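Worksheet: the structure to be examined is printed underneath.
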Amino acid sequence: MRPCIVVETCITPGQTFVNRHIQHLFGGAVCVIADQLTPDAPKDGRYLALDDISRPMLDRLIAPTARLRGHLVHGSNRVPWGAARRAVGDFLDQHRPDVILAEFGPQGVALAPIANALGIPMFCYFRGADASSRLRHTHVQRAYRRMMPRLAGVFAVSQSLLDNLAAVGVVHPNAHVIPSGVDVRRFVPGEKRPGSVLGIGRFVEKKHPLLTIRAFAEASKNHPHAHLTLIGDGELYEPARALVAELGLGDKVSLPGALPHDAVRAHLERAQIYAQHSVTARNGNTEGLPTSIQEAMAAGCIIVSTRHAGIPEAVSEGETGFLVPEHDAPGYTAALAQALALAPEQRAAMAQAARDTAVARYDNAALLIRLEDTICASLR
């Protein structure tokens, strides 16, 4: 089976799940269509960058009409036309993929009409914002509804995303929940530091890092050796630094910024508790099923998080972690305090349960095989 993967940007460090598909799906015999290629993308004929296709004068003249037609017919002006449409057709004719996998909703909308015209079965993977904040727009709902009959199947990293889609009438009879998963052989428990609390992710509204800092400040008052590390950067990074200074937590909270993946893995190996207060952003953006939580569970961390999106599908209350409602600052503080106060035998049992869950449900090697098997079964 030879797949073609469709993605917005190839290759980006933050999209490990997409990169893994490019490297390993059906043995890595893939071709890729992307809006843009980063310098990390291989320089060979298996990769097509739509942004690099030159537009002849005629294309530029008819651009408004072509985009309007795409919007009216397909619900999106992203569907390639003119020189880009011809380039995609030639690329697919050259590589002759057996199946196309669009890694996000917008990419599925853009390529589904071409895949149908060429008789190539296509699947679409939903992963987060594409099935949450984007659904607030009626034109996106309309585009997704028009896309569904053109697809051979749909995947999502959590049931919550499929529920979001169904709530606006976007459904497919061949829909499957397959998390992205993590490498459970690389993310393993190490020597845990007593009282260590870790959070990973962009410093943005959806992650609510300021609430985590305030909750830790209260929860750790009776735990003088407790220490919080929040890895990442973003628009709330400087406000977070200011809050740490304001609360006098310079010796108890570390904000190292964004770190390489191997450094993040080393932090997870040593952390006892993983804290992430995910919330629905004001624009409707939600998590799918955070990779960081799956990695933390594989590393034997006790999870303290929220009942948000796909997180309750992964974390079992009282067994592998503690969950509270979104924006529940007192509840989150109490959950962190409870995690810090666990007796050694309780902490060990919960950490092992988290690890066991990750190995059983989020091993990316097993999930890749499940994805391949589901695609093959759908095409029989």
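The values are calculated or read from the model by the stated rules, or taken from the named source; none is laboratory data. Quick caveat, the model's predicted, so the values are computed rather than measured. We place every Cβ from the backbone using ideal geometry, glycine too, and count neighbours over all the protein chains shown. For accessibility, only protein heavy atoms count, side chains too; no ligands or nucleic acids. Shrake-Rupley method; radii C 1.70, N 1.55, O 1.52, S 1.80 Å.
Determine the pairs where a residue that is without any contact (Cβ under 8 Å) to a residue 12 or more places away in the chain, located within the range 71-85, has a partner that is open to solvent by 40 Å² or more (accessible area, probe 1.4 Å) and assigned to a loop (DSSP other than H, G, I, E, B) with Cβ atoms under 6 Å apart, the partner being 6 or more residues away or on another chain.
Pairs found: none.
Restricting to the range 160-175, name every residue that is open to solvent by 10 Å² or more (accessible area, probe 1.4 Å), in contact with a helix residue (DSSP H, G or I) (Cβ under 6 Å, 6 or more places away or on another chain) and assigned to a helix (DSSP H, G or I).
The one that is open to solvent by 10 Å² or more (accessible area, probe 1.4 Å), in contact with a helix residue (DSSP H, G or I) (Cβ under 6 Å, 6 or more places away or on another chain) and assigned to a helix (DSSP H, G or I): N164.
Of the residues T65, T12, T38, only one is over 21 Å from M148 (Cα atoms), open to solvent by 20 Å² or more (accessible area, probe 1.4 Å) and touching a helix residue (DSSP H, G or I) at 6+ places or on another chain (Cβ under 9 Å); which? If you could, list the steps in order and put the result at the bottom.
Values: T65 fails: touching a helix residue (DSSP H, G or I) at 6+ places or on another chain (Cβ under 9 Å); T38 fails: touching a helix residue (DSSP H, G or I) at 6+ places or on another chain (Cβ under 9 Å).
Going through T65, T12, T38 in turn, the sole match is T12.
Is it true that V188 is assigned to a loop (DSSP other than H, G, I, E, B), closer than 17 Å to G105 by Cβ, hydrophobic (A, V, I, L, M, F, W, C) and open to solvent by 10 Å² or more (accessible area, probe 1.4 Å)?
Values: assigned to a loop (DSSP other than H, G, I, E, B): yes; closer than 17 Å to G105 by Cβ: no; hydrophobic (A, V, I, L, M, F, W, C): yes; open to solvent by 10 Å² or more (accessible area, probe 1.4 Å): yes.
Here the answer is no, as V188 does not meet what is asked.
Pairs needed: first member in the range 355-374, over 18 Å from M1 (Cα atoms); second member anywhere, assigned to a helix (DSSP H, G or I) and open to solvent by 20 Å² or more (accessible area, probe 1.4 Å); C-beta distance under 7 Å; at least 6 residues apart or different chains.
Pairs found: N364/R20.
Can you say whether A360 is open to solvent by 10 Å² or more (accessible area, probe 1.4 Å), within 28 Å of R186 (Cβ to Cβ), at pLDDT 95 or above and under 22 Å from the mean Cα position of the chain (by Cα), as far as the supplied structure shows? Full working, then the answer.
Details: open to solvent by 10 Å² or more (accessible area, probe 1.4 Å): yes; within 28 Å of R186 (Cβ to Cβ): yes; at pLDDT 95 or above: yes; under 22 Å from the mean Cα position of the chain (by Cα): yes.
So A360 passes the test.
Looking at (1) buried (at least 21 other Cβ atoms within 10 Å of the Cβ); (2) under 23 Å from E295 (Cα atoms); (3) β-branched (V, I, T); (4) in contact with a Pro (Cβ under 9 Å, 6 or more places away or on another chain), can you tell me which one V140 breaks?
Of (1) buried (at least 21 other Cβ atoms within 10 Å of the Cβ); (2) under 23 Å from E295 (Cα atoms); (3) β-branched (V, I, T); (4) in contact with a Pro (Cβ under 9 Å, 6 or more places away or on another chain), only one is false for V140: (2).
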